[in-house]
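K.L.:
Here it is, the structure in full.
Throughout, read-outs are computed from the coordinates displayed, never taken from laboratory work. As the structure is a computational prediction, the values presented were derived from the model and not from experiment. As a convention, Cβ positions derive from the backbone with ideal geometry for all residues, glycine included, and neighbour counts pool all protein chains shown.
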Amino acid sequence: MAERKLLFAIWDKTTELYEPPFVDVNRGAALRRIQDLMNRHPESPYSKFPHDFQLCVIGTWNENVGDIVSDNPIVFQELEDLIVKEEK
C-alpha cells in the first residue's frame with residue numbers, strides 16, 4: 001500500500017478563498033516549494049502581499065488509487081514569516 005501524500009492549499013485572507021490545492025510528500029517539501037516560488041517571482045501576490053496568505057494542510061492523497069481524504073484545514077505557515085527581513 002502506498003504512503004499517503006499531503007494535500008496543501010494557500011488561504012487568501014483578503015478574498016477568503018483557498019487557492020487550488022497541490023500535493024507534496026510532506027510539510028517541509030511544500031514549504032520549500034512556496035519559498036522557491038516567492039523567491040523566483042518577487043512580483044507575485046505571495047511575495048508582494050505575504051501577510052494575506054497562509055499555507056494549510058487540507059487533506060491527504062493516495063496516488064495509487066486516486067482517493068482524497070479531506071480534513072479540516074490546518075494552518076502551518078504564515079507566508080509573511082518567510083520574508084527575509086533586511087538587517088539594519
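K.L.:
Only one residue in 34, 83 is of a type in the set (Val, Ile, Thr) and out of contact with any strand residue (DSSP E or B) (no Cβ under 8 Å at 6 or more places or on another chain). Which one?
P.N.:
83
K.L.:
Let me ask another. If only one of 37, 55, 17 is of a type outside the set (Val, Ile, Thr), touching a helix residue (DSSP H, G or I) at 6+ places or on another chain (Cβ under 9 Å) and under 16 Å from residue 75 (Cβ atoms), which one is it?
P.N.:
Exactly one residue qualifies, and that residue is 55.
K.L.:
What tally of residues in region 40-73 results from selecting those that are out of contact with any Ser or Thr (no Cβ under 6 Å at 6 or more places or on another chain) and under 11 Å from residue 9 (Cβ atoms)?
P.N.:
So the count comes out to 8.
K.L.:
Out of region 20-37, which residues are touching a residue at least 24 places away in the same chain (Cβ under 8 Å) and either charged (D, E, K, R) or loosely packed, with under 12 Cβ neighbours inside 10 Å (or both)?
P.N.:
27
K.L.:
I'd like the residue in region 1-19 that is more than 21 Å from residue 66 (Cα to Cα) and of a type in the set (D, E, K, R) and, out of all such residues, is surrounded by the fewest Cβ atoms within 10 Å (Cβ to Cβ).
P.N.:
16
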